[in-house]
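Have a look at the structure below, then the notes.
The values are calculated or read from the model by the stated rules, or taken from the named source; none is laboratory data. Because the structure is a prediction, the values reported are computed rather than measured. Here Cβ is always computed from backbone atoms with ideal geometry, including for glycine, and neighbour counts include all displayed protein chains. Surface accessibility is based on the protein's heavy atoms, side chains included, excluding ligands, DNA and RNA. Shrake-Rupley method; radii C 1.70, N 1.55, O 1.52, S 1.80 Å.
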Amino acid sequence: MSQNIVYSLTALMALLPASLYPYHRIAGQGADGRSAYFWGALALGFAGPAAWALTQVAGRWHTGLSTALWITIAACMLLFIAMSALTRSAWRLSPLLLPYLLTVGAFATLAQQAPAPVLRGGAPGIWIDLHIAVSVITYALLTMSAVASLAAFLQERALKSKRPTPLTRFLPPVAESERMQLHLLAASEAVLGAGLATGMAVLYYETGALLRADHKTLLSVASFVVIGGLLLAHARTGVRGRMAARLVLIAYLLLTLAYPGVKFVTDVLLG
């Protein structure tokens, strides 16, 4: 077993306590589960992936799929910790978010042996670093928005069927989930716009062109259009519920195809 696999498995195990904690709380149905154990599990779940991701990119950026996924997991954990500290309901998204991140971590571990090319280009380093940071923040924001949308969808379906489950009783109320979804969508749209702009700047320095009609660019622009359309529809018609949740999940799917999806094809299938 290679050393990198061992490190990746260690980062994966660091996510396990946080992933299991919400289901223990579901069984107990306590009023507020933000205990010392909760914060400790979240801190461990952030520290493991963050330390491994920083180790992989130390010195020069590597653009491999596994590295990208671990950076994404660390960013999502950091955002979730901040949201849980600042709001009363965000921590209740943990049964949906944390097992999902554990699954992504397992996939990153399986992809550890895939090629991890070093990032090269003629653009100034500050532009490349800014573009990478903006891309990671965008994906973390949209991940949280998709999770909040899924929570609202499950809650609404349980209310309409009059068959609540232990999970839906645990999740935030529909109004809270939709509020978080909207705020996160607005933030992700702003940051995604900045990401497209920095990407154009990097491409201009490297090739002299502002746009390149590749899969990543087209899918990113499609995500930007879908999110913008949803925000506009909400402002004009108050669209919400299942329709809004579906649009958010579509935007998340498009950005997933643009970000880790393209890396999976190039590094794993073609690599």
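The tail of the calculated P(r) for segment 71-111 beyond 11 Å holds 65 percent of all Cα-Cα pairs. The largest accessible area among 13, 77, 200 belongs to the first residue in 13, 200, 77, and the rest follow in falling order (1.4 Å probe, all chains). Taking the inverse of the mean reciprocal distance over all distinct Cα pairs, the Kirkwood hydrodynamic radius of segment 131-176 comes to 11.8 Å.
The gain in end-to-end length when the residue 212 to residue 232 segment is fully stretched comes to 4.5 nm, 0.36 nm per residue minus the alpha carbon separation. Computed on protein heavy atoms with a 1.4 Å probe, the accessible areas place 91, 39 in the order 39, 91, largest first. Note on surface exposure: 234, 24, 131 rank 24, 234, 131 by accessible area, highest first, 1.4 Å probe. Heavy atoms of the protein chains alone define the surface here; on that basis segment 140-196 has 42 Å² accessible area per residue at 1.4 Å probe size. Placing dummy labels 7 Å off each Cα toward the beta-carbon, the span from residue 3 to residue 249 is 4.3 nm. Between residue 54 and residue 168, the C-beta separation translates, for a Förster distance of 35 Å, into a calculated FRET efficiency of about 0.40.
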